[in-house]
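Values quoted throughout were computed directly from the atomic coordinates according to the rules given, and no laboratory measurement underlies them. Nothing here was measured: the structure is a model prediction, and the numbers come from that model. Note: ideal-geometry Cβ built from the backbone for every residue, glycine included; neighbour counts use all protein chains shown.
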Amino acid sequence: MAEITGIYTASHTPVMLNFPDRIPAALREEIFAAYRAMGDDFMAGKPDALIVLSNDHLHNFFLDNFPAFCFGCAESYESPIEHWLHAKRRTFAGDQAFGAYLLQNALQSDFDPAFSMEMVLDHGSLTPLELAGIDPDLPIVPILINCVQPPMPTMRRSYDLGRYLGKAIADYAGVERVAILATGGISHDIATPRMGMVNEEFDQTFLSLMEGDDIDATIRYATDFVHTAGNGCEEIRMWMAAMGAANGAKYHRTYYRAVNDWYTGIGIGRFEV
Amino acid sequence: MANWQEMMPSTRAYMMNKVLYELHHKPDHLEAYNDDADAYLARFALPQDLADCIKGNDVAQMYLSGVNPYLLRAHCIGVKIPEDVSLAALRSLLNHEGYNNG
């Protein structure tokens, strides 16, 4: 049966790669160091596979057919899909059998995800993996949650999906050690009039709730106040899923900074699993 | 406050979304647009006001038209609208009556 070696949450933004110079060099290095520290901690757990909880930013999916949840079941994943992203092209190994297992068991557990055997990962997955220095040969299973086009799955449903994942991973015999990386959030607006006006108050309250022991209060706050923290903050659905997979384990932030010139409240943390 | 102009895309927003999506994902589309924007946009039978705001890089009007902000953002970067120009255009809407601020 598989052991979960670590569950991490980390923000992502293409601005980190496309416009790194919009913030002072010292701050940029501080942020990049926080991602590297997460990567070092992550690799210390010696995972055999990685579940990437992320979202597609209207690249693989369009409004003609947009899944609420999509499980990756491919042998490999190229990245990035954005022609405009300043990132070197990489190919991540996929754990197809693991993805298929999680998909089939999800359907048996009353979830109805779509699946994809060919998707190209965008900056949402690539940026934190790249900045954390994760080995692209570590097999991954991307699980994408719609956070970019309403109507979207609820925060509660995203948490429940994570609960399912935690149990299914524990029952899986195909690998021994699994890490989970949930990427997105926290407060940020993408191409809205509020872009660059990070709601730090939301972020601080949200992180404090994550660090507390009242899961229902955290889900309720995410549900009731996400509209104050930007369309990019809808990505905390991945944090909800991570919290579900953690099954009550303590969370602590390892880094937070409201970075208005990168348009994002950048938060990193992990669950003590 | 609100995170979205439209909680369910209108047909007008869908049409504009389709242009911005195909422009940045289908091979040769960006080149065709850059060569002749009018001819490219004519493929989509858009209402003229939507075609005009795309061709004119009118970021504020595209936003108000309900386009998905992620597609708008990718478009701004993809057609190289200067970052400060697109940001200023969006900020100009903070007190605009058409902005759904909740």
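Normalised by the number of residues in segment A:49-149, the average gap of Cα pairs under 8 Å and 6 or more apart makes the relative contact order 50 percent.
Neighbouring Cβ atoms from other chains, within 10 Å of the Cβ of residues in B:59-72, number 4 on average. Per residue of peptide B:84-95, the mean number of Cβ atoms on other chains within 10 Å of the residue Cβ is 3.
With both residues required to sit in the protein assembly as shown, DSSP beta bridges show an antiparallel share near 50%. Projecting the Cα atoms of A:Leu131, A:Ile143, A:Met243 onto the dipole axis of chain A, where Lys and Arg carry +1 and Asp and Glu carry -1 at the beta carbon, places A:Leu131 farthest toward the positive end. Placing dummy labels 7 Å off each Cα toward the beta-carbon, the span from A:Leu27 to A:Ala249 is 3.2 nm. Mean-square fluctuations from a GNM of chain A, with a 10 angstrom spring cutoff on Cα atoms, peak among A:Gly45, A:Gly232, A:Gly196 at A:Gly45. Rounded to 0.05, the FRET efficiency of the A:Glu272 and A:Arg89 pair, given R0 = 35 Å and the Cβ-Cβ distance, is 0.50. What you get for segment B:11-91, charging only the Cβ of Lys and Arg (+1) and of Asp and Glu (-1), is a dipole of about 340 debye around the Cα centre.
When +1 charges are put on Lys and Arg Cβ atoms and -1 charges on Asp and Glu Cβ atoms, the dipole computed for segment A:3-271 relative to its Cα centre reaches about 220 debye.
Mean-square fluctuations from a GNM of chain A, with a 10 angstrom spring cutoff on Cα atoms, peak among A:Lys250, A:Lys167, A:Lys88 at A:Lys88. Each principal axis of the Cα cloud of chain B was evaluated for its coordinate range; sorted largest first, these ranges are 39, 30, 21 Å. Using θ = phi - 60° in the Karplus curve 6.51 cos²θ - 1.76 cosθ + 1.60, the 3J(HN,Hα) couplings for segment A:66-75 round to 10, x, 5, 10, 9, 9, x, 10, 10, 7 Hz; x is entered for Gly and Pro. Computed extension gain for B:Met8 through B:His29, at 0.36 nm per residue and net of the alpha carbon distance, reaches 4.9 nm. Per-peptide packing, taken as the mean over residues of other Cβ atoms within 10 Å, places A:211-220, A:72-81 in the sequence A:72-81, A:211-220 from highest down.
For segment B:11-91, the relative contact order works out to 33 percent when only alpha carbon pairs closer than 8 Å and six or more residues apart are counted.
In segment A:15-101, taking the dipole from charged Cβ atoms about the Cα centre, the farthest positive-side position among A:Thr91, A:Val15, A:Asn60 is held by A:Val15.
Note on segment A:91-187: Cα Rg divided by 2.2 N^0.38 Å, N the number of residues, gives 1.10.
Each Lys and Arg contributes +1 and each Asp and Glu -1, all at the Cβ; summed about the Cα centre of segment A:23-170, the dipole is approximately 280 debye. If you run the Gaussian network model on chain A, springs between alpha carbon atoms under 10 Å, then out of A:Phe69, A:Phe61, A:Phe92 the most flexible one is A:Phe61. Counting, for every residue in A:224-231, the Cβ atoms of other protein chains within 10 Å of its Cβ and taking the mean gives 3. Backbone amide hydrogens, once placed in the peptide plane, bring A:Ile7 within less than 5 Å of A:Ile180, A:Phe271, A:Val273, excluding anything fewer than 5 places away on its chain. Restricted to Cα atoms, segment A:179-255 shows a radius of gyration and a Dmax of 12.2, 37 angstrom. Dimensions of the protein assembly as shown from C-alpha coordinates, computed as largest minus smallest value along each principal axis and given longest first, are 60, 40, 40 Å.
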